[in-house]
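What follows is a short report on a single structure.
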Amino acid sequence: MSEEKYNEVEKRVIEQYQQDERMMILVFAQWCINNELDPSALYKKAYPLQAENAALRDGIALTVPKEESEPIADSTLLNVLSLFGNEDLSVVVSEYMNTGK
């Protein structure tokens, strides 16, 4: 494979990953809205040392009111978070799923 072709494939893989990551963020944010939770607060609890997350802010902006959303199963959210290595966030989300706190 030529270097140019390799770079093109690499670019497409990165773009697809970024698109999938945005979808994961939207699923997380919408699940929070559907469960009357603040996505930013949950994220901050999982990652207290991180600065504001622009991708999360953008994802929150794309959410719809709970009444307009399709349900998102808890297991779906946990699987999606796991795919992207968001284990700390999965722990915080699981805590809310189990205790509501």
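FYI, it's all coordinate maths here, none of it is from the lab. Please read all numbers here as calculations on a predicted model, not as lab measurements. Please note: Cβ atoms are built from the backbone with ideal geometry, for glycine as well, and neighbour counts cover all protein chains shown.
So for the chain, averaging the separation of alpha carbon pairs under 8 Å that are six or more residues apart and normalising by length, what relative contact order in percent results?
Working: 68 pairs, mean separation 32.0, N = 101.
About 32 percent, as a whole number.
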With Cα coordinates, the longest principal axis of the chain makes an angle with the long axis of helix 74-83, in degrees rounded to 10, of 30
Along the stretch 9-21, Karplus-curve 3J(HN,Hα) (6.51, -1.76, 1.60; θ = phi - 60°) to the nearest Hz, with x for Gly and Pro, reads 5, 4, 4, 5, 5, 4, 4, 5, 4, 5, 5, 5, 5
For the stretch 87-100, Karplus-derived ³J(HN,Hα) couplings (6.51, -1.76, 1.60; θ = phi - 60°; whole Hz; x for glycine and proline) come out as 5, 4, 5, 4, 5, 5, 4, 4, 4, 5, 5, 7, 10, x
The value for the stretch 3-99 (convex hull of the alpha-carbon atoms, volume per residue, Å³) is 118
Here the FRET efficiency for Glu68 versus Gln19, based on Cβ atoms and R0 = 30 Å and rounded to 0.05, is 0.85
Longest the chain segment clear of GluC sites (Glu not before Pro) sitting in DSSP loops (not H, G, I, E or B) with at most 12 other Cβ atoms within 10 Å runs 53-101
